[in-house]
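So the structure is just underneath, and the comments pick up after that.
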């Protein structure tokens, strides 16, 4: 793009609609395309286009415009006086709220007078940028311009090409850059910026002793190479992707296994993973990179809020899903493209050239994204694990071949099992699990898999009430009416909330389960999502001897009636609520857990002897009959003793083999299995345009695709509307990161610039559209983006380029003339001083106090209490002491709404929405937190102890050391006097507390 | 030496900002001019109020769970006539739990109250006595029948996490009338926070100073007001003195620095807050007749009474917006909110007993102090409840499900038409039919009373100039006294 156009755009005028006035240019077809069409598009076509045009008037096509609407012909070519259009606009009636300017009216009249020559037909509303919206010619949608660094007068100042762009603009305005920052200021700035921690006095001294260019470059390389770099810049990225460790909304359940994503971000940045790879893996890592790293990366897609209470009707469920997709589309569009595509959900984008169709094509690529936990196996160990599992399976098969006949023989002998009933009395279950020797479904293919230590012993499934449960394969048929049935021995009757057998959707959000004691102690209930289908049966309390097995069944009819049974007799009263069918492939059966994810009070402690699922409501008689087949348990030992001697030794041998194979498997498991919160992909339906964003009025099919407006990048994915989920996301990942996509590089270099300088070249890092800011240095932005791309999207090279520039190394000193011309420092005539972020503040305090625990990665530390209370989870900040809590703040567990006082008052955003830039406030509450917060006081004590240990008993030496540690410099005479007085009167800790509160401590200049 | 004291942001003006109660929107404009907030709102809004304000402050009683309008403020004789009959239409209502039982009449008798003859049921005998001061909207309708989205919507105009609430917007637009107390104070129900917790008083994307500040009982009414661990007597003052002296020393040594000046000022305000918060939080000095008026002396009402009284004290001292929640966690048995799925009579009796007298006393007390002239009292809920019961189709159950199509809220005070009810639901109270009012309209009207044009109070966030009213909202002129 040439400079002229840039200037126009920067000034925000885009006055093409006016350009025809008094211009000698002929009023022809070209004039129409450049002037008339944009004017009509901007001022008329919102209402007067397409079949549904208001008043029947469609001004988007020549033939229809001439024909006119309900009131008659709108345009009489060559005769403005006869044209209804002119009459209406002259009367100020049209457009209704904001009448046309006189010049605009004249433009239209002149065009009609000239015979109303028409160009592109129909008018493409998005073709040209107007005064009120962006078109396809919008600056950020254009390919990267080939830009050369401009010439400058002061050739001595620039240290690299970045500086030429900066200096060129300064010189244009007659400004000069500030002097270079002094070495101490620079080294402190660099540490804060690159690793988010202050330097030690020794590190400062090391640089200031000989601050050469080479020394500076070594410093930069050292910091970029340190693991703290990823912790610092990873935090920035987590802001952008709204990373939060709870679901939000009503239940707001914690996501205790979501730290994998945070660690993946940190590690990837430290490894200088190319940015295109970094993004591809976040969109499709589970597909591109089998194993934990890929699955962790794709956690990006589900990092936002997730409403797990969606109501009972189809409409509510579908609306909640559309809301979810809008949230994901927003973060994809804004993070990688700087486009607010989400604004096109209900109507064409009001400001950018994104039609609603494009929005639905985009979400069609994302519609396979579901929220949940997955167990991911390390690919390196997968083969070995599979082999061991096969071996275990074979041994178990051999054991089963021995045990099953022996058990059946014993039962027959003891007449414990009532096998004499005629088969016709028996109802064929949908699935049945005997748990005699394994987790297999004796009827169909709903075989179970053990998790968290669930295992078979003595012919029963043993569950520990902590993490053990069994999950089956997905339902192979749709399940409508049903009966859940189980024989269960509770470990104790005091437990509250464990599930025996249940059907749940694959994400665990919707479920029906037999649950013990959740709402009322010792009572059975029909557990369901958010208690939607749960009411008290008002049946008897379970007071029996804990270990005695009971038979429990719950019947679900499609009229919403739910009936419970215990040992064959009705359990209290049936009741009627709603009814929930479960789709084939989208749900499975669980034992030992109310619903996924595992943990909390959802886990059952006891033994399940047998479980059955029927795809029909059993009658009371059928249930009574079934209940009588309850049997006592045959202990493994009893079975063993019944075996002939030779079989006994064979069995013992098998047992030993099983034990060693299982131990091997467990070791492998621990090493290679990773359970994490991430995308749970599912095959989505064919996407259709949802008219006005609702869910009842569906329009055209929207096959997977991209945003058409980006110039030079095809939105076509070549996929059918019913394409497989994986193909959709893979194509999306390719499309977003395509080198021909100019936004991809522009948006990221701008983000990096934003964090280095406190403001981006475009001040709205997530919005490069019409509502966003215009670039302060468009040429520099394109030059940086092109260099970034040419360099293989290496972030560390980009950092190096920026921080070694003279622009970055300026002092922050003000200058009256420059201030008058450019108070906001958009031209970068100095370095803008900045208050450090909440996390950096906390980290700096830990480091200065000598308390920082450098442990990286793994589950976050929790400085909030987590209290589930009747369906809502409350998070309350507290200040736990101990090294595990003294890690960098990026390792803090960050639930939504679970904010800590210091971070909160220092503008740390709640991760409810993306925070591409943070606000910076200075408030009394901030002062109170920094003065009085328990953490601050504790750290002041630690800081004091450290200083005393470092510098002995001499007060003056202590004061100087404390200053050096806190602000990287010695106090001047007055500062020393004030500090000494405070330390002498109230101790060193009081001084340390004061130092944390100094302006200089919280500001980087 | 060059400094910025000659710039549009002169030092004196800057230091005066809080004492003049200048809104934060305007402050951002000033800071922006001063080059301090380089990345702050790109297009700061114009100064507020836009026109003379009727209301200067508001107190919001926020009912969690869904108050039954049919049993409180929306008198429906037709519903009594149709008691025990099915819904008189073929409609299959799309409601939260999906169970549509038979119609049920109100569990409370209604009568016309005061001079105005406003219909109020016996559920709220004390509030009923204030009928001549109430302005009821009987035709509210909302977009979600799901607790948390509905509550977020009532508070922030959006159904999702992450949007600023009404109190935050007012703080952003108008600032505080005092610099010794927070602008927006939250008093949660003693039984626990509402569903969504602190997200309900979040500043969202607005700067942090606009979030609601929770005021607790005890020695630390506001978090970190005093040192969490005991310090030597007078250490606090000495530490603050040293901080101030060193910061001022830096200011004297270097060029003018608006950021540093703001920081020095923030410590002065913090000290004032340390004095004023305990003073306002201590209600023990209130005269006995006032304590009795609120019900501070009775077990059932004491908890809410303390908060209502505290609310009045906060308003008196210049706090802009006080929010009192009635209801804690949403689920559970017995219910600790207005979510009367099982039994309206039992549930609403218990909940009303907690708040009826204190809320009525608040209105009366504000009135007798002359504060009601420029103070708004808001009494709202998430949604209403269904005219049919939540039960089997052939039964009259005891509970009612969520009803987003029609419900009642009331306001009182500044600029409103008193003793008046606007709009109506249909004959059985199922849907708002006459003059339906959305939360957008409600919020537009509320801002209007504060002298704010709701379309002009905006904040840029991720591509959109965000408003409390999104792209909607019409002022409900019929509620206004002029």
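Among the conditions (1) within 14 Å of another protein chain (Cβ to nearest Cβ); (2) under 30 Å from the mean Cα position of the chain (by Cα), the only one that residue A:859 does not satisfy is (1). Output the number of residues of the range A:917-941 satisfying the condition of being more than 7 Å from every other protein chain (Cβ to nearest Cβ) and in a loop (DSSP other than H, G, I, E, B). Total satisfying the criteria: 1. When restricted to residues that are over 25 Å from the mean Cα position of the chain (by Cα) and part of a helix (DSSP H, G or I), the range A:842-851 contains 5.
Residue B:456 meets the conditions (1) more than 14 Å from every other protein chain (Cβ to nearest Cβ); (2) closer than 18 Å to residue B:205 by Cβ; (3) under 18 Å from the mean Cα position of the chain (by Cα) in every case but one. The failed one is (3).
The numbered conditions (1) surrounded by fewer than 20 Cβ atoms within 10 Å (Cβ to Cβ); (2) under 18 Å from residue A:790 (Cα atoms) are all true for residue A:708 except (2). The residues of the range B:425-451 that are surrounded by 20 or more Cβ atoms within 10 Å (Cβ to Cβ) and either over 17 Å from the mean Cα position of the chain (by Cα) or free of Cβ contacts under 8 Å to residues at least 24 places away in the same chain (or both), listed by number, are B:425, B:428, B:429, B:430, B:432, B:437. Can you find a residue in the range A:824-838 that is out of contact with any strand residue (DSSP E or B) (no Cβ under 6 Å at 6 or more places or on another chain), within 14 Å of chain B (Cβ to nearest Cβ) and assigned to a helix (DSSP H, G or I)? The answer is yes, given that some residue of the range A:824-838 is out of contact with any strand residue (DSSP E or B) (no Cβ under 6 Å at 6 or more places or on another chain), within 14 Å of chain B (Cβ to nearest Cβ) and assigned to a helix (DSSP H, G or I). Only one of the numbered conditions (1) more than 14 Å from every other protein chain (Cβ to nearest Cβ); (2) part of a loop (DSSP other than H, G, I, E, B); (3) within 17 Å of the chain's Cα centre (by Cα) is not met by residue B:123, and that is (3). So, residue B:408, is that one assigned to a loop (DSSP other than H, G, I, E, B) and in contact with a strand residue (DSSP E or B) (Cβ under 9 Å, 6 or more places away or on another chain) or not? In short, no.
When the range A:518-535 is filtered for residues that are within 13 Å of another protein chain (Cβ to nearest Cβ) and assigned to a loop (DSSP other than H, G, I, E, B), the ones remaining, listed by number, are A:518, A:519, A:520, A:521, A:523, A:532, A:533, A:534, A:535.
Looking at this structure, is residue A:510 over 24 Å from residue A:624 (Cα atoms), buried (at least 23 other Cβ atoms within 10 Å of the Cβ), within 39 Å of the chain's Cα centre (by Cα) and within 14 Å of another protein chain (Cβ to nearest Cβ)? It is true that residue A:510 is over 24 Å from residue A:624 (Cα atoms), buried (at least 23 other Cβ atoms within 10 Å of the Cβ), within 39 Å of the chain's Cα centre (by Cα) and within 14 Å of another protein chain (Cβ to nearest Cβ).
Listed here are the residues, each with its yes/no results for (1) crowded, with 18+ Cβ neighbours inside 10 Å; (2) under 30 Å from residue A:239 (Cβ atoms); (3) without any contact (Cβ under 8 Å) to a residue 12 or more places away in the chain; (4) within 17 Å of the chain's Cα centre (by Cα).
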site	(1), (2), (3), (4)
B:380	yes, no, no, yes
B:394	no, no, no, no
B:407	yes, no, no, no
B:461	yes, yes, no, no
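Taking the range B:202-301 as the region of interest, the helices (runs of 4 or more DSSP H) fully inside it that hold 3 or more residues being within 11 Å of chain A (Cβ to nearest Cβ) and closer than 22 Å to residue A:940 by Cα are B:235-253, B:258-281.
Results for (1) within 20 Å of residue B:65 (Cα to Cα); (2) buried (at least 24 other Cβ atoms within 10 Å of the Cβ); (3) not assigned by TED's automatic domain parsing to the domain that holds residue B:469, shown as yes or no for each residue.
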| site | (1), (2), (3) |
| --- | --- |
| B:164 | no, yes, no |
| B:167 | no, yes, no |
| B:180 | no, no, no |
| B:191 | yes, no, no |
| B:196 | yes, yes, no |
| B:206 | no, yes, no |
| B:221 | no, no, yes |
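Surrounded by fewer than 21 Cβ atoms within 10 Å (Cβ to Cβ) and touching a residue at least 40 places away in the same chain (Cβ under 8 Å), is that true of residue A:850? Considered against the rule, which asks whether it is surrounded by fewer than 21 Cβ atoms within 10 Å (Cβ to Cβ) and touching a residue at least 40 places away in the same chain (Cβ under 8 Å), residue A:850 comes out as yes. Within the range B:165-201, the residues that satisfy the criterion of being within 11 Å of another protein chain (Cβ to nearest Cβ), part of a loop (DSSP other than H, G, I, E, B) and within 28 Å of residue A:917 (Cβ to Cβ) are B:176, B:179, B:182, B:183, B:196.
Candidates A:801, A:852, A:841: the one that is under 23 Å from residue A:145 (Cβ atoms) and either modelled with pLDDT of 95 or more or within 14 Å of chain B (Cβ to nearest Cβ) (or both) is A:801. Residues that are more than 18 Å from residue A:831 (Cβ to Cβ) and either assigned to a helix (DSSP H, G or I) or touching a strand residue (DSSP E or B) at 6+ places or on another chain (Cβ under 8 Å) (or both) within the range A:785-819 comprise A:785, A:786, A:787, A:788, A:789, A:790, A:795, A:796, A:797, A:798, listed in sequence order.
Scanning the range B:29-74 for residues that are more than 11 Å from chain A (Cβ to nearest Cβ), part of a loop (DSSP other than H, G, I, E, B) and at pLDDT below 50 returns B:44, B:45.
Screening the range A:854-875 for residues that are assigned to a loop (DSSP other than H, G, I, E, B) and in contact with a strand residue (DSSP E or B) (Cβ under 7 Å, 6 or more places away or on another chain) and picking the one that is surrounded by the fewest Cβ atoms within 10 Å (Cβ to Cβ) gives A:855. Could you tell me whether residue A:538 is within 14 Å of chain B (Cβ to nearest Cβ), assigned to a loop (DSSP other than H, G, I, E, B), over 32 Å from the mean Cα position of the chain (by Cα) and at negative phi? So residue A:538 fails the test.
Name the single residue that is farthest from residue A:957 (Cα to Cα) among those in the range A:983-1005 being part of a helix (DSSP H, G or I) and at the interface with chain B (Cβ under 7 Å from one of its Cβ atoms). Looking at the filtered set, the residue picked out is A:999.
The values are calculated or read from the model by the stated rules, or taken from the named source; none is laboratory data. Please read these numbers as outputs of a predicted model, since none were measured by experiment. Here Cβ is always computed from backbone atoms with ideal geometry, including for glycine, and neighbour counts include all displayed protein chains.
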